[in-house]
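Inspection log for the structure reproduced underneath, given as structure tokens.
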Amino acid sequence: MTAKINLLPWRAESRLKRIYYFKIQMVIFLVVAGLILLSWHMFLQQKINLATKQTKYLQQQLDLVEKQMRDNGVIKQQQELKQQAINQAIKLEQQQAKFIQIFEAVHQGVSTNLHLTQLLVNDHEVKIIGQAKLLSDLKQLITKLSQIKGGAIPSIQKVSRQNNGYEFVLLWLYRGK
């Protein structure tokens, strides 16, 4: 064994060994740090991929829900349109029944000496325009119309003398039975 004497070659050799060990330690440290960084990077990349997949899945679910909501909205609109059509049909049927009642009522009041030229129906108001040979025929029409359930007493809007009779305009408020 050599005695460790404080000689220059020994110090230089010791310094070279320390530098060599330091370099080896530094390489090992860098490799370990690189492996740690690489594994951390891979871990974070997996988390990012998982989050991306979840985001895509959630976006697909949102798109599906939006489509269902649009479809439900379209179905609801179609149902509303159908209901409106049904309501319109019911209203038309009610108006048809009302018109039939009005025509029957007017028919009951018309005599052979009375001729109707126009029959205008607006909501609950009936305007009757016609010609009568005698005023008694017009009075008979007014009496018959006032006796009908759902109708008020007709009011005379106009009576004018013509060649062979009278031209008249009656306003009759009718609410139906």
Criterion: modelled with pLDDT of 85 or more and assigned by TED's automatic domain parsing to the domain that holds LEU145 - qualifying residue of LYS82, LYS76, LYS127: LYS127
Out of LEU114, LEU81, LEU92, I need the residue that is touching a Leu at 6+ places or on another chain (Cβ under 7 Å) and not β-branched (Val, Ile, Thr). Which one? LEU114
If you go through the range 130-164, how many residues are at pLDDT 85 or above and crowded, with 17+ Cβ neighbours inside 10 Å? 3
Mind counting the residues in the range 100-126 that are surrounded by 14 or more Cβ atoms within 10 Å (Cβ to Cβ) and either part of a helix (DSSP H, G or I) or free of Cβ contacts under 8 Å to residues at least 12 places away in the same chain (or both)? 5
Which one of LYS91, LYS53 is at pLDDT 90 or above, charged (D, E, K, R) and over 30 Å from TYR166 (Cβ atoms)? LYS53
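The values are calculated or read from the model by the stated rules, or taken from the named source; none is laboratory data. Please read these numbers as outputs of a predicted model, since none were measured by experiment. Ideal geometry is used to build each Cβ from the backbone, glycine not excepted, and the neighbour counts take in all protein chains shown.
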